[in-house]
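First up is the structure itself, then whatever we jot down about it.
The values are calculated or read from the model by the stated rules, or taken from the named source; none is laboratory data. Nothing here was measured: the structure is a model prediction, and the numbers come from that model. Cβ placement follows ideal geometry from the backbone for every residue including glycine, while neighbour counts extend to all protein chains displayed.
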Amino acid sequence: MAKEPTLDMGALDRWRDEVWHRTPGRKVTDEVSALRYLAEVSCCLAFGGYDVGVPTLWVAACGERAPAFPKHSHHDAAVGLVWSLKDTLADADVAYYGRLFLRKPSFVARPWLATVVAASPERTLSPAAGAILETLRQTGPLGTEELRQRAGFASRKALVAALEEAQGALAVARVEVRYDPWTYVWGTFDQRYAADQAEAEQIPQGLARRKLVRLWVRLLGVVSPARLATILGWPTRVVEEAVRPLVAEGTLRDDVRIEGRPGAALADRDVYDLIRGA
C-alpha cells in the first residue's frame with residue numbers, strides 16, 4: 001500500500017519562512033524590497049501575524065516568523081513602513097490595496113488584479129453599501145466625510161462598515177489620499193481600475209478561478225478547501241469546482257495531510273515535493 005502523503009508542520013513553516021519573507025535576510029525594508037515581495041507572493045494581507053496563516057507585508061517588514069504586534073504602533077518602524085506603502089504602492093499603480101482577503105486590508109500585485117476581478121463571485125450589496133456605490137456613481141469621487149453626508153449615514157462607524165463591504169465586493173475603491181485636510185477619497189472600482197475591469201471581462205470566470213486557486217495553494221503550501229474559501233471570501237462549492245480540474249490534470253493533489261492534524265488538504269505537486277525535500 002502506498003504511503004499516505006504527509007508533511008511535518010515544522011517543514012511547512014520553514015518553507016513559508018523563505019517564501020513569505022519571514023527571515024532577517026528576506027526582510028522588507030523599503031519600497032523597492034516591498035515591490036520584490038509583491039512580485040513573488042502576488043497577494044497578501046497588509047497586517048496580521050503568524051496566527052492568520054497567510055503572508056502579510058507587516059510580518060515581512062519584521063523579517064521574523066511570529067513577531068509581537070507593538071503596543072505603541074505609531075513608533076514602530078515595520079508598522080510605519082506598511083502604513084506608508086499602502087498609499088505609495090496604490091498611488092503608483094503597482095498594487096491594489098483594499099479590504100479583500102479574509103475581509104482584511106490586502107494587497108494585490110497589479111498583474112493579478114484582472115484575474116481577481118474575473119474570479120470574484122457576484123455579490124448583492126446591502127442597502128448601506130449600495131447607497132455608497134450609487135452616491136459615487138452620481139457625484140464622482142468624494143472624501144470620506146462628504147461621502148458620509150451625501151450618502152445619508154448618521155455615523156462614521158456605519159459608513160466604515162458599508163465601505164468595507166463595498167470594497168470586498170470590488171464595487172468601491174480608494175482613489176487618492178488628500179493631506180490638507182487629511183482624508184481618503186473614494187470612487188467606484190470600475191472607474192478607478194477601468195483597464196483592469198475591461199481586461200477581467202475578457203477572462204473566462206472558470207479560468208480566472210483556477211488560476212487564483214492555484215496561486216493561493218502554491219503560496220500557502222498546504223490548505224484545505226474550506227480554509228481557502230474563507231481566505232478568498234468565496235462559497236466552498238466555488239473553490240471545490242475550481243479545484244477539481246486542477247487535481248484531475250495533476251497540478252494539485254488533494255490527499256496531503258499535516259502530521260498531527262485531521263483531514264486531507266490541497267497542495268501544489270511541485271511545492272509538496274519542495275517542502276518534503278527541505
The condition of being outside any helix (DSSP H, G or I), more than 23 Å from PHE101 (Cβ to Cβ) and not acidic (Asp, Glu) holds, among GLY263, GLY250, only for GLY250
Within the stretch 174-202, restricting to residues that are among the aromatic types (Phe, Trp, Tyr) and not in a helix (DSSP H, G or I), the one that is nearest to ALA128 (Cα to Cα) is TRP186
Can TRP216 be described as in contact (Cβ under 8 Å) with a residue 40 or more places away in the chain, part of a strand (DSSP E or B) and surrounded by 18 or more Cβ atoms within 10 Å (Cβ to Cβ)?
-> no
Going residue by residue through the stretch 119-134, is there one that turns out to be without any contact (Cβ under 8 Å) to a residue 40 or more places away in the chain and hydrophobic (A, V, I, L, M, F, W, C)? yes
Residues of the stretch 1-54 being over 19 Å from ALA265 (Cα atoms), of a type in the set (D, E, K, R) and under 16 Å from the mean Cα position of the chain (by Cα), in sequence order, are GLU40
* To do: Look at ASP268 and say whether it is among the acidic types (Asp, Glu), surrounded by 20 or more Cβ atoms within 10 Å (Cβ to Cβ) and at pLDDT below 95.
  => yes
Check your understanding: Given the structure, is GLY168 within 15 Å of TYR96 (Cβ to Cβ) and of a type outside the set (Val, Ile, Thr)?
Key -> yes
TODO: Return a yes/no flag: does the stretch 34-42 have any residue that is assigned to a loop (DSSP other than H, G, I, E, B) and acidic (Asp, Glu).
DONE: no
When the stretch 241-265 is checked residue by residue, the ones that are touching a strand residue (DSSP E or B) at 6+ places or on another chain (Cβ under 8 Å) and either within 26 Å of LEU170 (Cβ to Cβ) or surrounded by 13 or more Cβ atoms within 10 Å (Cβ to Cβ) (or both) are VAL243, LEU246, VAL247, THR251, LEU252, ARG253, ASP254, VAL256, ARG257, ILE258, ALA264, ALA265
Residue set ARG174, ARG209; condition touching a residue at least 60 places away in the same chain (Cβ under 8 Å), surrounded by 21 or more Cβ atoms within 10 Å (Cβ to Cβ), assigned by TED's automatic domain parsing to the domain that holds PRO262 and charged (D, E, K, R); output residue ARG209
Note: among GLU145, GLU165, GLU122, just one is surrounded by fewer than 19 Cβ atoms within 10 Å (Cβ to Cβ) and touching a strand residue (DSSP E or B) at 6+ places or on another chain (Cβ under 9 Å), namely GLU145
Counting only helices (runs of 4 or more DSSP H) entirely within the stretch 76-173, those with at least 3 residues that are at pLDDT below 95, within 18 Å of the chain's Cα centre (by Cα) and farther than 27 Å from ALA229 by Cα are 77-91
- Does VAL238 satisfy the criteria of being at pLDDT below 95 and crowded, with 16+ Cβ neighbours inside 10 Å? no
- prompt: Does the stretch 29-51 contain at least one residue that is under 25 Å from VAL94 (Cα atoms), among the hydroxyl-bearing types (Ser, Thr, Tyr) and exposed (fewer than 15 other Cβ atoms within 10 Å of the Cβ)?
  reply: yes
Residue under question is GLY152, and the condition is that it be small (Gly, Ala, Ser) and over 28 Å from SER84 (Cα atoms); does it hold?
yes
